[in-house]
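Participant: I have a structure I would like to understand better, so I am pasting it below and will then ask my questions one at a time.
The values are calculated or read from the model by the stated rules, or taken from the named source; none is laboratory data. On a predicted model such as this, the values are computed, not experimentally measured, just so you know. Heads up, the Cβs are rebuilt from the backbone with ideal geometry, glycines too, and the neighbour counts pull from every protein chain shown.
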Amino acid sequence: MRRRAVPIVLAVAALAGCGGDDARPAAPAPADRTRLSVEVTGAGPEPVRFELRCGATQPCRPAQVDRLAAIAEPPDPGRACTLQYGGPERAHVTGTLQGRPVDVTVARSDGCGIADYEALFAALGREPPLAG
């Protein structure tokens, strides 16, 4: 029985010493992988501006990133939208989302735009600015 244990102990010892010296240090995460600037027009006499930043020191919530990514995607040409005017508000979002460039405008000019506008501000954790 001892003869069987010796090869196993040697194999475990050999594997325990593997890989430790070859590991590369992890690359530092960019300070602001997500940095979005939002400018809302049409909600009042002056534009409303604010910024969302998250990265290494303050990570974004995964659900928040998913919601924002859905809004930042090009619209589906087959998406059916109601012909309902929601108001003059327009949100122009620029910057980066998880390192990817974003430049999208969300307008409340139809049912899809109304839903996207509300989803944008829900993801940002803010009340949507609306005209008086």
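Participant: Report, by residue number, each residue of the range 66-122 that is among the acidic types (Asp, Glu) and surrounded by 13 or more Cβ atoms within 10 Å (Cβ to Cβ).
Facilitator: Keep residues of the range 66-122 that are among the acidic types (Asp, Glu), which gives 66, 73, 76, 89, 103, 110, 116, 118.
Within the range 66-122, Glu89, Asp110, Asp116, Glu118 meet the criteria.
Participant: Here's a follow-up. Restricting to the range 62-78, give me the number of residues that are among the small types (Gly, Ala, Ser) and farther than 15 Å from Thr34 by Cα. Lay out the reasoning, then the answer.
Facilitator: Going residue by residue through the range 62-78, those that are among the small types (Gly, Ala, Ser) are 63, 69-70, 72, 78.
Filter once more, keeping what is farther than 15 Å from Thr34 by Cα: 78.
Residues in the range 62-78 being among the small types (Gly, Ala, Ser) and farther than 15 Å from Thr34 by Cα: 1 in total.
Participant: Those residues that are outside any helix (DSSP H, G or I), at pLDDT 95 or above and of a type outside the set (Lys, Arg), I need them from the range 102-126; list them, please.
Facilitator: Val102, Asp103, Val104, Thr105, Val106, Ala107, Ser109, Asp110
Participant: Next question, about the same structure. Do we have any residue at all in the range 87-94 that's charged (D, E, K, R) and part of a strand (DSSP E or B)? So that I can check it myself, show each step before the final result.
Facilitator: Step one: list which residues in the range 87-94 are charged (D, E, K, R), which gives 89-90.
Among the residues that remain, those that are also part of a strand (DSSP E or B) are: 90.
Yes, the range 87-94 contains a residue that is charged (D, E, K, R) and part of a strand (DSSP E or B).
Participant: Does the range 74-82 contain at least one residue that is assigned to a helix (DSSP H, G or I), without any contact (Cβ under 8 Å) to a residue 60 or more places away in the chain and on the phi < 0 side of the Ramachandran plot? Working first, answer last.
Facilitator: Of all residues in the range 74-82, those assigned to a helix (DSSP H, G or I) come to none.
Checking the range 74-82: not a single residue is assigned to a helix (DSSP H, G or I), without any contact (Cβ under 8 Å) to a residue 60 or more places away in the chain and on the phi < 0 side of the Ramachandran plot.
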